[in-house]
1. Residues A:T33, A:T66, A:T81: which one is crowded, with 17+ Cβ neighbours inside 10 Å, touching a Gly at 6+ places or on another chain (Cβ under 9 Å), β-branched (V, I, T) and more than 30 Å from B:S1134 (Cα to Cα)?
2. Find the residue count for region B:620-662, including only residues that are assigned to a helix (DSSP H, G or I) and in contact (Cβ under 8 Å) with a residue 24 or more places away in the chain.
3. Pull out all pairs, ordered by first then second residue, where Cβ-Cβ is under 8 Å, the residues are six or more apart or on different chains, the first lies in region B:767-786 and is under 21 Å from B:E812 (Cβ atoms), and the second is among the small types (G, A, S) and modelled with pLDDT of 70 or more.
4. Before we move on, is B:K1034 more than 23 Å from A:I84 (Cβ to Cβ), of a type outside the set (A, V, I, L, M), within 57 Å of the chain's Cα centre (by Cα) and modelled with pLDDT of 90 or more?
5. Restricting to region B:1053-1088, name every residue that is of a type in the set (A, V, I, L, M, F, W, C) and surrounded by 15 or more Cβ atoms within 10 Å (Cβ to Cβ).
6. Out of all the residues in region B:1108-1131, which are closer than 19 Å to A:N106 by Cα and more than 9 Å from every other protein chain (Cβ to nearest Cβ)?
7. Of the residues in region B:280-318, how many are farther than 20 Å from B:V345 by Cβ and either surrounded by 15 or more Cβ atoms within 10 Å (Cβ to Cβ) or touching a Leu at 6+ places or on another chain (Cβ under 9 Å) (or both)?
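The values are calculated or read from the model by the stated rules, or taken from the named source; none is laboratory data. Since we're looking at a predicted model, the values are computed, not measured. For neighbour counting, all protein chains shown are included, and Cβ atoms are generated from backbone atoms with ideal geometry for every residue, glycine included.
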Amino acid sequence: MKKKRILFIDDEEDIRILASFCLELEAGWEMITASSGKEGIEIAASQQPDAILLDAMMPEMDGLETLVQLQNNPKTKHIPTIFITAKVQASDRRRFYAAGAKGVINKPFDSLTLASQISGFLGWSNQ
Amino acid sequence: MMTPSQPSSLSDCVLVVAASGLIGIITKSDVVRLVATGVDLATTTVEEVMSQPVMTLERSQCQNIELVWSFMQQHSVSYVPVLGDNQEIIGVMVSKSLMQCLGTKEENQRESEPTATELELERFFDITPSILCIAGFDGYFKWINPAFCKILGFTQSELKAEPFINFVHPKDRAATLAEMENLAAGNTTISWENRYRTKDGDYRWLLWTAKAYLAEERIYASAQDITERKTAEQALKDSEARWQLMLREANDGIWDWNVQTNEVFFSRRWKEMLGFAEDEIGNTLEEWSKRVHPDDIGWVTKVMEDHFAQKTPFYISEHRVLCKDGSYKWILDRGQALWDEAGKVIRIIGSYTDISQQQAALRKGKKAEIQLQQERDFSKAVINTVGALVAVLDRQGRIVSFNYTCEQITGYSFEEIKGQQIWEKFIPPAEKAVVRAVFERLLTGQVPNQYTNSWIAKDGSSHLISWSNTALFNAQGVVEFIIATGIDVTEQCQVWNKLENQYQHTKLLAEITRKIRMSIDLEEILQTAVTEVQHLLACDRVLIMEVRCNNIAVPISESILPELPPMLGYELADPLLVGEYLAKYRQGKILTINDLSTAPIAPEIKQLLEQFKIKAQLVVPILSQKELKGLLVAHQCHNLRQWQENEIQVLNQLADQIGVALSQAQLLNNLEELVSERTTELTTTNQLLQAEIAEREQTEADLRENQRKLAGILDNADEAIISINEQQQIQLFNRGAEKIFGYKAQEIVGQRLDILIPETSRPVHCQYINEFGKSVEQARTMAERGGNVYGLRKNGEEFPAEASIAKLPTREGILFTVMLKDITKRQQAEEKLQASQALLAKAEKIAKIGSWEYNLATQQLTWSEELFEILGFTNNTSIPSCQAIFERFHPEDWLLVKNTLQQGHRDGKPWQFNSRWVLPNGTVKYLESRGEPTVDRQGRVFKVWGTIMDISDRVQAEKSLQRSEQQLQLISDALPVLIAYIDNQQRYRYNNRTYEIWFGKPRSALLGVHIKELFGEDNYQKMLPYIRTALSGKTVTFEIQPTNERGNSYWMNATYIPDFDLDGEVKGFFSMIEDITDRKEVERMKSEFVSVASHEMRTPLTSIYGVIKLLCAGRLGELSPPGVEMANMALRNSDRLVRLVNDILDLERMESGTDTIERQQCDSGKLIKQAAETMESMAQEHQIVIETNPQSIEFWGERDPILQTLTNLLSNAIKFSPAGSKVWISCQKQEGEILFAVQDRGRGIPTEKLETIFERFQQVDASDSRKKGGTGLGLAICRHIVQQHGGKIWVESVYGEGSIFFFTIPQS
């Protein structure tokens, strides 16, 4: 089976490192990262990852707007997107789902079960 | 004088000899008895002591000893004095010696009988009041003396028939038998007490002394009846027990100070109170004085000294006293001293009451106040310092906050009533429903108008509170809290009502009274009365009826609404005004008909009354001196009317006044006529007579003619004319005299005048006429010392008379002519007048009105009695000088008084003014003076009537009202809130001082200004809808963001409360505006903070938590065993930190109200299962089994928060359960809601924590969050979630046995 490729967009470098590390380790996915929404959209279009993990609170372009742009771009609109965010209010979650998110994972996340949570949202069977 | 019969020691009787001879014999046994019974010899007579009568024999009778012996036997005496020839005592025969003389024969005969000593003993036994007995060892009495029998009421044989123990009280038997054994054991004398049964079933206490004689197997015993002593002892014991109990219950410490020795007894409780043991405090005064607080000792001593000097009835002081532990206690110290005859204090006894708690409460209140002021929250400080009540209630009406004023007014502290429902605590039962209804409306966001209700304080007193309410909404627009602001208007209302009533009442009464004084015109008085009553009671028709002698009531005065048929002019045979009704009116009874149609009256009467459209009526009798003069009638024609008690009272008082007026007017008329008529007549007659008599003497020729004339006069005069000669024999007796005295002339002529004079006055009269005969006067009035003379009629009746006497010297000597008038009727009339004047005086007193009258022509001034009273000239009998009167007016009023009076006297127009009046002691009275001059045809004033009414009470009441209004204004000025009254033209009518600060304009400049002008067009447009709402009669509260003059915007919260006039039209509204810009800013910052913190805290936590998790799982390489342990510790703590941050943010978010719930279809069974699954691993860790009852019930709610609630509760249950136990989670359907329950067998929750446990960080034990890894926020979050769903959460718990947490979620 082809190795899954996942794009992780977050402005915090520490989080990017941590998430990449544990998802590679636990699920064996190939991780690519972006530090802003703008960069993320470009990478997504060019690299065509299997899924995008997206932070909600980022400077300049926030997660929701990034998602909207991803959804509007024919090259990226098919890629499933999951929010990994510190925004835990129900109203935010509803907005994220309404914009087309496949799932919402709260920060701080459990580094050991993060992969299985993502798989669960995307309907991927456990590898 | 007492003489021993024999000088030797053998003497055993004493003869008592008085001057009259031998009066008594006292025997040895008498003396023994005397000593035994403890009789006071000083107060005892010889007869009382003697047991044998004094029997004597003469020497000649003593020849035969045997005869003497039988004499003694016959009279049962042992001693017989023997008298000599001159009745002197020559010796005493003694039975004992006689017996010896009677020889051996008798002695032998008597061998089996008692010996002399035995006999003596037996006598002894017989007479002693002591109980004596001998009992055998066999348990039976062998011998009993009469005293014993007498005390118990049994006969000897009865007592001997049974074992003696049977007579002993069952409770004393064992003890008695034990004593018997002791007796039987040894040769000792033993004493004991026991109770013996008497024949009538009572018991007597006996004190025994006994000794056993073993050889005889007998016990010799004597006893005393000590029942009385025992009863007294018991009573003493009881009363002492009661006293002790009282001391204990009163909780007071007692001290008793012997002032002369300075020794003080302190009770145990006194010492306890100060923390000392019984023996730690001595009995000296110093123990008391050294403990009084140094600051207090000075005045405490003063108080004590005042009491010692008898200036105060008690010693009472509240001061601080030093306790053993060095603290001071507040003590209420009370005492009362005892003085000797010289007024010196002997001792003082007093008590200590511990009042520290009250004092502490007082001080605590003050402390709390200070703390509050120190707090930055200024508004809170204001709430607690303003004189208004401020209470905050939650949706259930429970008290959340309660300011200092509330505490003061209700007497409850906030702690006491916190969380209680306001209507359960304060509202009287009758008002509860209304208050709840108001509250329900408040909860729907409608804010009712300002309204008033009563609060019952802790001490039972009722307070009328005027409330205005403000609702606080949460973000969902649901009312969360109600802020009630109130002012205690009890006093104001009372003063208002009292003032209003008193004023109306006084005014009317004064008006009528004044009219009565001012005018004799009855018609005017009556017309005023009916007009005023109609106005005052708002009746449709008011009538005064005169009751004529034929029992017909004739309206004589009427006041009526224009469209109604008048009754004036009709002679009414109204059955309600005659017959049996009339009889009732005569007794002063009132007829009240509230509804004619239902009144128990005959239909034909109803018909008659209906002619005059009467629907309700009130009839009050007008009585004067118990005579029915008329009726005061009030009618209601347009509607039914419930006559009120106070209305009836006013009418009753008025009727009294009218009665006075009626009888006054009548009397004045009658009397004045009568008096003047009669006086003229009398004078004329007398003059005529004089002239005639003189003429007769001069002209003999005209004698006959004159005599005829004279006879004519004599015959026609109403007066008695009686002539008498010098011997006072009646010579002439005219018809008038016949009429008055009842004698015929022919039967009385020639009799002495005495026959016509009451017996007591006769000698005086006789002398009087003699003196008059000798004097140079020709005529004089006759009078006795009391004023009138009295005549005696033939029928024996005495009557008062006025008489004059004239003399005429004739040839036969002096002829006296007495002219006499019967004044019985006039005197009666005068008495009536006096009574009526007394009545008037009383009326004046009631109304506090004095009156005066000044006649300019005669310069005569008269005052009514009440006027003296009002003006404080009570000791004067004469009217003070004008100057003295004038000076009593307050100097500031002098000009007014002078000008008004001068003008009034000049112009002849009525006047009225109010002035102050200074009494000599400096007290100031307020007087309302009125004057009404009477003018002659030329317009000159010749007479002035005036009244002076004491209106001090009214003025005082008005002043106190003014003061309370000033206070209110002060309060409203002190509040940092804009308070204004705006009329229905939207113009300011009142502004508080805050307006000056906000708008930088003086208040005077704001008066009459339109809202638009003050706030500007733009802001006004924002406010306009609310202004309209207020003017439509609804209270409204709103928040808007206006812009000020400098263009800065700010937030304000405003409440408009409409003000209604009597017709229910909106006159204007009260406006309260608060600057809430700061509050809004804080709200905004808070919500921003939640959002920022949420992100800024979670991001670093994500890294820490994620890394540690990997570290622990060994994903980053193998760790050493201590490394694993440390890493696990870090994981646990970061996990807890994550949960804490989550919980805090959750709660903040919930409370800021930015999150609303999104209801979806939920299934309770699934939720329970899910919660149990989530908690399963934790349960296993704690070795707990979760039992579920996943009953499936559908409902609408938000799934995640409810799941969170269930897991929170489960997590708590697991954490606090002992290992190996179970927890239960279940649900069940109730009416319209689902009840979830989570139960554990943990340690439970103490009762006092059951409520607070749902507050933040309120675990049962403060260390729980550390030990159990909780955050202390879980239950607060649960409560929030449940309340957001419209449900309730609570816990039931038995401490030590476990808890059940319940919550409900409405189904739809």
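1. Details: A:T33 fails: more than 30 Å from B:S1134 (Cα to Cα); A:T81 fails: more than 30 Å from B:S1134 (Cα to Cα).
On inspection, the qualifying residue turns out to be A:T66.
2. From region B:620-662, those assigned to a helix (DSSP H, G or I) are B:645-662; that's our starting set.
Remaining after also requiring in contact (Cβ under 8 Å) with a residue 24 or more places away in the chain: B:646-648, B:650-662.
Looking only at that region, the number is 16.
3. If the second residue must be among the small types (G, A, S) and modelled with pLDDT of 70 or more, the pairs left are B:Q778/B:A806; B:A779/B:S804; B:A779/B:A806.
4. Working: more than 23 Å from A:I84 (Cβ to Cβ): yes; of a type outside the set (A, V, I, L, M): yes; within 57 Å of the chain's Cα centre (by Cα): yes; modelled with pLDDT of 90 or more: yes.
For B:K1034, the condition - more than 23 Å from A:I84 (Cβ to Cβ), of a type outside the set (A, V, I, L, M), within 57 Å of the chain's Cα centre (by Cα) and modelled with pLDDT of 90 or more - is met.
5. First, the residues of region B:1053-1088 that are of a type in the set (A, V, I, L, M, F, W, C): B:1054, B:1057, B:1060, B:1062, B:1066, B:1069-1070, B:1072-1073, B:1076, B:1082, B:1085.
B:A1054, B:I1057, B:V1066, B:F1069, B:F1070, B:M1072, B:I1073, B:I1076, listed by residue number.
6. Restricting attention to region B:1108-1131, the residues satisfying the condition of being closer than 19 Å to A:N106 by Cα are B:1108-1110, B:1131.
Residue satisfying the conditions is B:L1131 alone.
7. 6
Rundown of residues vs (1) modelled with pLDDT under 80; (2) touching a helix residue (DSSP H, G or I) at 6+ places or on another chain (Cβ under 6 Å); (3) outside any strand (DSSP E or B), yes/no style:
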site	(1), (2), (3)
B:W330	no, yes, no
B:R334	yes, no, no
B:A342	yes, no, yes
B:K364	yes, no, yes
B:A381	yes, yes, yes
